[in-house]
Amino acid sequence: MLTVRSRRTALAVVAAAGLFGTVVAPAAAQAADATAKRHKTVNLQLLAINDFHGNLEPPAGSSGTVKEIDPATGKEVATPAGGIEYLATELRKARIPADDSITVAAGDIIGASPLTSALFHDEPTIEAMDKLGLDVTSVGNHEFDEGAQELRRVQEGGCHPTDGCYEPGRTFKGANFNYLSANVTDEKTGKPLLAPYWITRSQGVKVGFIGVTLEGTPNIVTAEGVKGLKFANEVTTINKYAAELKAKGVNSIVALIHEGGYPASTVYNYDCGAAGQGISGPIVDIAKKIDPAVGAIVTGHTHNAYACSIPDPDGVPRSVTSAASFGRLFTEIDMKLDKTTGEIVRPTVKAENHVVRRTVEKAPDMTALIDHYSKLAAPIANRPVGYIASDINGRGNSDLEKPLGDVIADAQLAGLAPADKGGAQVAFMNPGGIRSDLVHKASGGEGDGVVTYGEAFTVQPFTNMMQVKTLTGAQLIQLLQQQVSGSNAAAPKVLQVSSNLHYTLDMRKTGADRVVLDSIRLNGAPVDPAATYRVAANEFLAGGGDGFPAFAAGTDKLVGASDLDVFTAYLGAHSSASAPLKAPAQDRIKVIGPGSDID
């Protein structure tokens, strides 16, 4: 399948196995030299990113740093990184003019974006990616935030069906790069929503890319966003299309997968080990089952950095990489293709993540793009909505209970507690919905401690509508247990709770037993399994998202304001320049044993 929206007609790229941060082993190098002598090879370069999430401007707080080891002291430091102006400069410097080079991504390029992009339905990010030279990407779960039709518009172009075009005489052209959705099919037709793969050529060698998102996308996107779609297994889908590509004479194949892993260290250049023993998570099992015909795997979703080697089904090492998120890193993968067999010469592959440092020169075209959309968004983005006394961290806090999660849950309870707003008695917030931190230092000219609408939007970008439902006490207890059991047993999702709920998690135990039942207190009293309670949550959680079917079983639904509206209203009502909001004490969830931020 040759798609027509490619910006090139004779370029190809692939990544193949190789241990990041190391030179090729002597035996492997000898094998590579022997192959090179038998067959003519060509050099290829792959530049990869993932989970950009519309972060055109340098992300603030912890979202805008990368952990690395200071060579001078040997200590771990946080280095400012990211921003499309710097990413463009670094990618343009890294491309090798003499060899074929292609830029790829593994999904979530858009969605959950800051206001400068999100206010315009991420059209600015698509324009930026075209300028950046992106060639192909898989879809991610956030590409479905606004549904299938909007994703098609992002690919094909046209004015937004509700908001129209944002400037007179200017129509959105759509992405000039290729979106791939091999495992996403229309329920009625059974056909892929977008192209399943893309084929190109590099110096006469055919190269194919297969793009998939995680099979569990419907569990982490609103029901409306995935309406009418089916999501198939990643391995089954990739193996199916790898066979189809081989039948078309394509023997160099790369999988772009929006699913990832968890390296043992958060340092960006951590060495996972020759057998991938230093990484865990869904991608490990997936990688071990994908057809050996696939020469390399570029991943995303978990927002982690790694360039690992994981054995394929034949036990042969294969490159599996991820470049963290928000444009803070990019992965460079260099390799050779055999012109005779059309295959990747795996022993020649080297993969390395690079930090997008803010010390390099800004790309002028990206600066102009940001300035253009920032001016359009300024009247909304720069409006003050509250005041904080210090940083209130959400995404950047590694505890199971996060200060900003507490604030958001309190805001939701305050907004929905009135009888005419739903009569909520307790509120819950999903940790994955907290997209950033509230940073005390001014991001512009607003002054330190001032929270602007744009900053609040970056924290809560989904504009999910709030809901209040009636749950029994037994269902409320089940809800707490579902954080650490069922689909969340392996990777717990600990909900953020309003200040009137307290309980203990014993992480030394397993499954539902981690919730200490006799510790649960609502307004200081035990939860009565036979009583009923009014519970507030955003529409994603209230619909059972993130593995919480107890929410979906609730009754007497009342729909309220958006999560962003109740958040900004709370900041306005509970803070002022003279009395800024302080970070909560994080004393609602007592954790016994190990705890980590798992999203």
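The values are calculated or read from the model by the stated rules, or taken from the named source; none is laboratory data. For clarity, every value in this text was computed on a predicted model and none was experimentally measured. Methodologically, a virtual Cβ is constructed for each residue, glycine included, from the backbone with ideal geometry; neighbour enumeration extends over all protein chains shown. Note: areas computed on protein heavy atoms with side chains; ligands, DNA, RNA excluded. Shrake-Rupley method; radii C 1.70, N 1.55, O 1.52, S 1.80 Å.
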| note | Restricting attention to the stretch 439-468, the residues that are in contact (Cβ under 8 Å) with a residue 60 or more places away in the chain, under 20 Å from residue 405 (Cβ atoms) and outside any helix (DSSP H, G or I) number exactly 11
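Using the structure shown, decide if residue 483 is under 22 Å from the mean Cα position of the chain (by Cα) and either without any contact (Cβ under 8 Å) to a residue 24 or more places away in the chain or open to solvent by less than 10 Å² (accessible area, probe 1.4 Å) (or both). Steps first, please.
On the way: under 22 Å from the mean Cα position of the chain (by Cα): yes; either without any contact (Cβ under 8 Å) to a residue 24 or more places away in the chain or open to solvent by less than 10 Å² (accessible area, probe 1.4 Å) (or both): yes.
In short, yes.
Where in the stretch 57-157 are the helices (runs of 4 or more DSSP H), entirely inside, with at least 3 residues that are surrounded by 24 or more Cβ atoms within 10 Å (Cβ to Cβ)? Give the steps one after another, and end with the answer.
Details: elements: 84-94, 115-118, 123-132, 148-156.
Hits in the stretch 57-157: 84-94, 115-118, 123-132.
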| message | Kindly evaluate residue 189 against the criterion of being among the β-branched types (Val, Ile, Thr) and open to solvent by 80 Å² or more (accessible area, probe 1.4 Å). | response | yes
| said: Among the residues of the stretch 367-374, are any more than 30 Å from residue 200 (Cα to Cα), hydrophobic (A, V, I, L, M, F, W, C) and modelled with pLDDT of 95 or more? | reply: yes
| said: Considering only residues that are more than 17 Å from residue 48 (Cβ to Cβ) and small (Gly, Ala, Ser), which ones fall in the stretch 106-153? | reply: 111, 112, 113, 117, 118, 147, 148
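Pick from the stretch 320-339 the residues that are under 18 Å from residue 59 (Cβ atoms) and not aliphatic (A, V, I, L, M): which of them is most open to solvent (accessible area, probe 1.4 Å)?
Ranking the qualifying residues of the stretch 320-339, first place goes to 328.
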| How many residues does the stretch 147-166 contain that are touching a residue at least 60 places away in the same chain (Cβ under 8 Å) and under 15 Å from residue 124 (Cβ atoms)? | 1
| message | As an exercise: evaluate residue 566 against (1) touching a Ser or Thr at 6+ places or on another chain (Cβ under 9 Å); (2) surrounded by 13 or more Cβ atoms within 10 Å (Cβ to Cβ); (3) β-branched (Val, Ile, Thr) and give the number of the one condition it does not meet. | response | (1)
| query | Out of the stretch 200-214, which residues are surrounded by 20 or more Cβ atoms within 10 Å (Cβ to Cβ) and either modelled with pLDDT under 90 or in contact with a helix residue (DSSP H, G or I) (Cβ under 7 Å, 6 or more places away or on another chain) (or both)? | reply | 202, 208, 210, 212, 213, 214
| query | Which condition number in (1) among the charged types (D, E, K, R); (2) open to solvent by 60 Å² or more (accessible area, probe 1.4 Å); (3) outside any loop (DSSP other than H, G, I, E, B) is the one that residue 173 fails? | reply | (3)
| request: Report, by residue number, each residue of the stretch 176-190 that is touching a Pro at 6+ places or on another chain (Cβ under 6 Å) and assigned to a strand (DSSP E or B). | output: 185
| query | What pairs come up if the first residue lies in the stretch 57-73 and is within 30 Å of residue 454 (Cα to Cα), the second is open to solvent by 40 Å² or more (accessible area, probe 1.4 Å) and hydrophobic (A, V, I, L, M, F, W, C), and their beta carbons are under 7 Å apart, counting only those six or more places apart or on different chains? | reply | 65/78; 67/78; 68/77
| said: Among the residues in the stretch 98-121, are any within 17 Å of residue 461 (Cβ to Cβ), at pLDDT 95 or above and of a type in the set (Phe, Trp, Tyr)? | reply: yes
